[in-house]
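Visitor: After the structure tokens below, expect a handful of questions from me.
The values are calculated or read from the model by the stated rules, or taken from the named source; none is laboratory data. As the structure is a computational prediction, the values presented were derived from the model and not from experiment. Note that we place each Cβ from the backbone using ideal geometry, even for glycine, and neighbour counts take in every protein chain shown. To get the accessible areas, we keep the full protein, side chains included, count just its heavy atoms, and leave off ligands, DNA and RNA. Shrake-Rupley method; radii C 1.70, N 1.55, O 1.52, S 1.80 Å.
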Amino acid sequence: MRANIKVLDCHMHLLTADTQREALAWLPPMSPPVAAAARRRLGRYEREQNVPSAQPADETVAAAAGRWLSEFDQYGVTAAVFLPLAPRPDTLRRFAARQPERLIPFTFVNPWEAGADKILEEDILQRGFRGLKLYPSIQGFHASDERAYAVYAQAEALSCPILFHFGVTLDYRSDLRYSNPLDLHPVARDFPGLALVVAHAGAGFFRETLMLAYHCANILVDTSGSGTWMRYLPRPLTRRDVVERLLDVFGPERILYGSDSRHASEGYRHWLLREHREILETLRVPEDDQRKILGGNMARLLQIPW
Ligand SMILES: [Zn+2]
């Protein structure tokens, strides 16, 4: 296995008591019975996935940065993109400022709101953010909604990549009607200079994600996450199947490795990195293409030397 290949993890989260407070202040409140159902569902997920409780550590940004950087050193990760959970992600901004070459922050806006394009411009040009995360099923909008077009135009002008979470997701407030990655088709068509990343290979909408590759060269895909969605298909897939199909359809220039690491108590999901490296070797992916998938492609989107 080629452990010497540099890794830029394209999909991680900062989860601390402060980021949770920021997210809860923004997310719509749930009624007591809905909140109880959400807790039951989260408990089921944690048992099934054998992941630790989602209660985040009450740590400072300096402590969180030190912890992730030492994990990166331990597992051979050069840098990672950290995705926000709410607009104006100030804790994430302060966290990434500790070492911006290795902790790369994306911002978050409500793209239908007046002035969202201006906020994005400030976040990218003045506040150190390098990309945008959008979460249509939680934000309650279709990615194809033309009210979001001012934000897309701004992102294109700034060469700011946008990562979208479509498909199934952990948050109980989500609405699957906004989760179909096919909503990206007109966006990719109308903004050919805009890099659009479909996280988790569509998290269940795998066929739709593959179809997008056929139509639009500016749609990329990330492989992050535990892969729960692979069970929720008429015929379950393995991660190897997924990577193989992505290689065939998207090609090695449009696949981004990600782990979706988030919990302090769980640490870096080094087993997913190992599994990715093994799959790429088993599929006899040339070393140059492995470099792209494991980091070079995201570095290209971010215009950072790699
Ligand atoms: Zn994620």
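Visitor: Based on this model, can you work out whether Glu71 counts as away from the ligand (no atom under 16 Å from the Cβ), open to solvent by 30 Å² or more (accessible area, probe 1.4 Å) and either under 30 Å from Glu281 (Cβ atoms) or in a strand (DSSP E or B) (or both)?
Guide: Details: away from the ligand (no atom under 16 Å from the Cβ): yes; open to solvent by 30 Å² or more (accessible area, probe 1.4 Å): yes; either under 30 Å from Glu281 (Cβ atoms) or in a strand (DSSP E or B) (or both): yes.
Yes.
Visitor: Scan the stretch 131-147 and tell me whether some residue there is free of Cβ contacts under 8 Å to residues at least 12 places away in the same chain, of a type in the set (A, V, I, L, M) and not in a loop (DSSP other than H, G, I, E, B).
Guide: Kept after step one, since they are free of Cβ contacts under 8 Å to residues at least 12 places away in the same chain, are these residues of the stretch 131-147: 146.
Now narrow it down to the ones that are of a type in the set (A, V, I, L, M): none.
No, the stretch 131-147 contains no residue that is free of Cβ contacts under 8 Å to residues at least 12 places away in the same chain, of a type in the set (A, V, I, L, M) and not in a loop (DSSP other than H, G, I, E, B).
Visitor: Still on this structure, please answer the following. Exactly one of (1) open to solvent by less than 10 Å² (accessible area, probe 1.4 Å); (2) more than 15 Å from the ligand (Cβ to nearest atom); (3) within 20 Å of Leu83 (Cβ to Cβ) is unmet by Leu212. Its number?
Guide: (3)
Visitor: For the stretch 215-241, which residues satisfy the criterion of being under 16 Å from Glu253 (Cα atoms), more than 16 Å from the ligand (Cβ to nearest atom) and outside any loop (DSSP other than H, G, I, E, B)?
Guide: His215, Ile219
Visitor: Of the conditions (1) of a type outside the set (Asp, Glu); (2) crowded, with 17+ Cβ neighbours inside 10 Å; (3) within 16 Å of the ligand (Cβ to nearest atom); (4) part of a helix (DSSP H, G or I), Tyr45 clears all except one; give me its number.
Guide: Failed condition: (2).
Visitor: For a quick check of your reading of the model, give me the residue pairs whose first member lies in the stretch 273-287 and is of a type in the set (Ser, Thr, Tyr), whose second is surrounded by fewer than 17 Cβ atoms within 10 Å (Cβ to Cβ), with beta-carbon atoms closer than 9 Å and at least 6 apart or on different chains.
Guide: Note: pairs meeting the criteria are Thr282/Arg240.
Visitor: Please state which one of Leu85, Leu24, Leu8 is open to solvent by 50 Å² or more (accessible area, probe 1.4 Å), within 19 Å of Phe129 (Cα to Cα) and either of a type in the set (A, V, I, L, M, F, W, C) or touching a Pro at 6+ places or on another chain (Cβ under 7 Å) (or both).
Guide: Leu85
Visitor: Oh, and also: Quick one: Ala25 ticks every box in (1) part of a loop (DSSP other than H, G, I, E, B); (2) more than 18 Å from the chain's Cα centre (by Cα) except a single one, so which number is it?
Guide: Among (1) part of a loop (DSSP other than H, G, I, E, B); (2) more than 18 Å from the chain's Cα centre (by Cα), Ala25 violates only (1).
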